[in-house]
Structures are given as C-alpha cells and as structure tokens.
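Asks: My structure is below; once you've seen it, I'll send some questions.
The values are calculated or read from the model by the stated rules, or taken from the named source; none is laboratory data. Since we're looking at a predicted model, the values are computed, not measured. Note that each Cβ is placed from the backbone with ideal geometry, even for glycine, and that neighbours are counted across all protein chains shown.
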Amino acid sequence: MVPDHKLKIAVLIRRFISTGGAERYALEVTRRLALCHEVHVFAQEWSYTGEGNITFHKIPRFFVKPSWLNQLLFSYFTRKAAGSSFDIVHSHEKVTQFDIMTVHSPCFRSFITQERRRWKRILIWFSVFFSPRELAWLWLEKKEFAHKKGRLLIAVSENVKKNVMANYPLPDLYFRLAYPGVDLDMSHREGHNDDVEMLRSQLGIARDQIAILFVGTEFKRKGLEGLLRGFALMPYSNLKLVIAGEGGGKLEEFKNLARSLGIHNHVLFLGLVKEIHKLYRLADIYILPTLSDPFGMAPFEAMASGVATIMSSSDFAGSAEHIQCGEALLLRNPEDPKEIAASLLKLMDPDCRAELGRRGQRLAAELTWEKTTANTLSAYNEVLRQKRCAAKYRQNGILACVS
C-alpha cells in the first residue's frame, strides 16, 4: 500500500551525495519520492542534479570531528528545523526525533553485547563511563531505538534487523525491510568493447589477463588482507588484482603487505575511483570478502554487469541474503586465504565464470530502487494510519480505534 495523496516529507541525512552506502541509498530513494511528493532534505552537505523537486535546508556543521559531537548537534538542529509541519519525518541518521528511520548499520552497542566473556563486558561498561564519545553514541542509539507508537524502523537487510533486536527490546512488528536497489543502467555492459579495451590498456592489463576487481573504502573491514593473502596462493602469472578505494587511511599499509607477499607486480591500487561502473565493465571476476557489511551494493552492481561474483556469506554481508540459487560464490570464512584462493580457482574456468555471471545478472535485475521506494512508501502508509488512529482517539476519547 502507498499513500493516496501528495505528502510533505522531511528527509534527514548529513551528506546528500552519491558516494557511500547510506548516502547513496538516501539519494536514490529520495529522488524517486520527489517525483510524486513534496520533499525537503535537511543536510549539512549536498550535491544533486537529478529529477524531482527537492527543497534543501542547510543544517549547521561547525566541525567534522569529533563525529559524535557533530551527530548530536545534527540531531538537535534537525529536531528544531523539521518541527511538526511534515506528514513524515524520515531519518537516515541517528537522531532523536523521526517517524521513519532507515537503519543502515549494526548497533554501536554491539561492541559490548557481542563480547561473550562476562568479565570483559563489565570492564567495557566501566570504561564507557569515562568516554564522552561512547556515552554520546549509546545515548543517541537508545533514543533512536526507543519503542514509541507512530514510529517504524526500516532495516536495509535481515542481518541489520536481527542485530538491532539483539541489542534492544523491540518487537518484529516494529520493523520493515527495504533492500537497496541496483542501478542497472549504470552497470550495463554491452556496447562498450572499445572503451573496455582502451581502459584495460591504460591500466596495464593485458588482453589475456583475468582481471579480479575489489571495491571498498575501508580495506580492513572489507577483508582486503584475506584477499591479498589468498591471491598470493594463486598461480597469478595471468591474473591482475584491481583494487579501488581510498583504504580508510591504510592504503600504504596494504601496498606494503602486497610487496611483502611478493605479489605487488600483479596488484593494481587505483585509489578513489568515481566512475566505478567502468571498472565493472573490464572485470572478469568481482570479489568482496567483507568481514562486516549491513548490505553492500557493490556486489550487485557487479552482478548487474554480468561479472562472476564472490562475496561473504550472510553471516557477514546482508546482501548475501538474496543468494538462493548459486548466483554468486559465498565465502563461509572470508578471513581464510585458502577458501578465497579455492573460490578464485573455480572461476578460472571461463564457462563457470560465464554461467555465474548470467545467474547473477538475472538476480540483480530483480533488485530495483523502485522496489526499495515502494517498500518505503508502504512504511509511510502504516505510520500515517497509526497517526490517524491516535488523532481519532484523542478527538473522541474512545478506548479503541478501528481502521
């Protein structure tokens, strides 16, 4: 179900830009909402030239770090700026006031609750009281996940939903799911053979070499160490490992690791790449052995391009929840170099790569931003129904509301 009239929607997101998982998700859904509804974006930074009429409201940013203090101030200012003049206040950030919140990542509190040793948990709780940063994040998160009528949480994966429920006493009915979509046009692979050959030549990738692509900003969390060690176990003379991403400040550290493993001549570090779709087109294999990813859109963008994909299982990556019929190779232990090497070896067979690529492409075609937006609007409809019930209750003084 979707609202049957034009809504006035406030969207809260610190950076309304096309890079970054949560930011990209917010932008894609918001621009589709703006085609039919009145949308106001409250942000500290934005870059937008798309369709739809979006009104932007500047939220002050006095500093970037410490991030916890910036987040507290963003919550304070958006609460005052958005006020009560909107049908729906939809946040993609940790804030205290909202109707709908899309949860993009596991709980901050997990660093305590996932510690199995009781004595260690006690020590962690004790240290929390001396850390303004940890106190601030825990306070915000407690407000974010407080059970209130007229609110709903949208999780980007079942993995994220389970994490929140493990940390806070919220019922299943308090959640909705809206998986990220895939921009199929961006990843379209056909009709670009000349461009692909030129790009491979510019990057020093020979025509007969198999290009293995890794895309990730935080190299450590995305599992690059295990990948490099796994790649070192391969007969890599005809292979090229292409790594795109800034590395979360650890680029030189991983370059040194490649040198120490003796594979640096077969590994290409590109740094930040804005036009990632060009890399999907040149890749023969895409791999993401992430150690923790709420969803992760890059594997499905690669799959949409017809690239045979290796990714972590759903214990580590929310996006793997979609893999049902062998559309990708799943890693049970993404930290195991031997398992990574074994998966890569399977895809040395061109027929195996082609079949996996076809299966993945069919699956990716089903994951659209239109579906994500429709699921979001359905959550809006439920919140609006609850608001109407609450208003009728207040007006009539009755004990029950029948919709």
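Asks: With at pLDDT 95 or above, within 22 Å of Arg176 (Cα to Cα) and of a type in the set (Gly, Ala, Ser) as the only criterion, which of Ala43, Ala22, Ala26 stands out?
Replies: None of the others qualify; the one that does is Ala26.
Every residue, every condition in (1) in contact with a helix residue (DSSP H, G or I) (Cβ under 9 Å, 6 or more places away or on another chain); (2) at pLDDT 95 or above; (3) outside the structural domain of Phe16 (by TED's automatic domain parsing); (4) outside any helix (DSSP H, G or I), yes or no:
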site: Leu72; (1), (2), (3), (4): yes, yes, no, no
site: Val89; (1), (2), (3), (4): yes, yes, no, yes
site: Ile112; (1), (2), (3), (4): yes, no, no, no
site: Glu115; (1), (2), (3), (4): yes, no, no, yes
site: Arg133; (1), (2), (3), (4): yes, no, no, no
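Asks: Here's another thing I want to ask about it. Taking the conditions exactly as written (assigned to a loop (DSSP other than H, G, I, E, B), hydrophobic (A, V, I, L, M, F, W, C), in the same structural domain as Gln209 (by TED's automatic domain parsing) and buried (at least 19 other Cβ atoms within 10 Å of the Cβ)), does Phe254 satisfy them or not?
Replies: The answer is no for Phe254.
Asks: Output the number of residues of segment 257-280 satisfying the condition of being surrounded by fewer than 21 Cβ atoms within 10 Å (Cβ to Cβ) and in contact (Cβ under 8 Å) with a residue 12 or more places away in the chain.
Replies: 15
Yes or no, residue by residue, for (1) under 30 Å from His37 (Cα atoms); (2) surrounded by 16 or more Cβ atoms within 10 Å (Cβ to Cβ):
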residue: Ala304; (1), (2): yes, yes
residue: Ala317; (1), (2): no, yes
residue: Ile323; (1), (2): no, yes
residue: Pro337; (1), (2): no, yes
residue: Leu344; (1), (2): no, yes
residue: Asp349; (1), (2): no, no
residue: Arg358; (1), (2): no, no
residue: Ala364; (1), (2): yes, yes
residue: Trp369; (1), (2): yes, yes
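Asks: What tally of residues in segment 87-114 results from selecting those that are among the aromatic types (Phe, Trp, Tyr) and touching a His at 6+ places or on another chain (Cβ under 8 Å)?
Replies: The qualifying residues number 1.
Results for (1) of a type outside the set (Ser, Thr, Tyr); (2) within 25 Å of Arg332 (Cβ to Cβ); (3) in contact with a Cys (Cβ under 7 Å, 6 or more places away or on another chain), shown as yes or no for each residue.
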position	(1), (2), (3)
Val215	yes, yes, no
Leu239	yes, yes, no
His266	yes, no, no
His277	yes, no, no
Thr290	no, yes, no
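Asks: A further question follows. Given the conditions (1) without any contact (Cβ under 8 Å) to a residue 60 or more places away in the chain; (2) in a helix (DSSP H, G or I); (3) exposed (fewer than 15 other Cβ atoms within 10 Å of the Cβ), and given that Asn163 satisfies all but one, which numbered condition is not satisfied?
Replies: (3)
Asks: Does segment 13-30 contain any residue that is assigned by TED's automatic domain parsing to the domain that holds Val383, buried (at least 20 other Cβ atoms within 10 Å of the Cβ) and assigned to a strand (DSSP E or B)?
Replies: yes
Asks: Across segment 142-155, what is the number of residues that are assigned to a helix (DSSP H, G or I) and either of a type in the set (Lys, Arg) or touching a helix residue (DSSP H, G or I) at 6+ places or on another chain (Cβ under 8 Å) (or both)?
Replies: 2
Asks: In segment 31-70, what residues are among the aliphatic types (A, V, I, L, M) and assigned to a loop (DSSP other than H, G, I, E, B)?
Replies: Ala34, Leu35, Ile59, Val64
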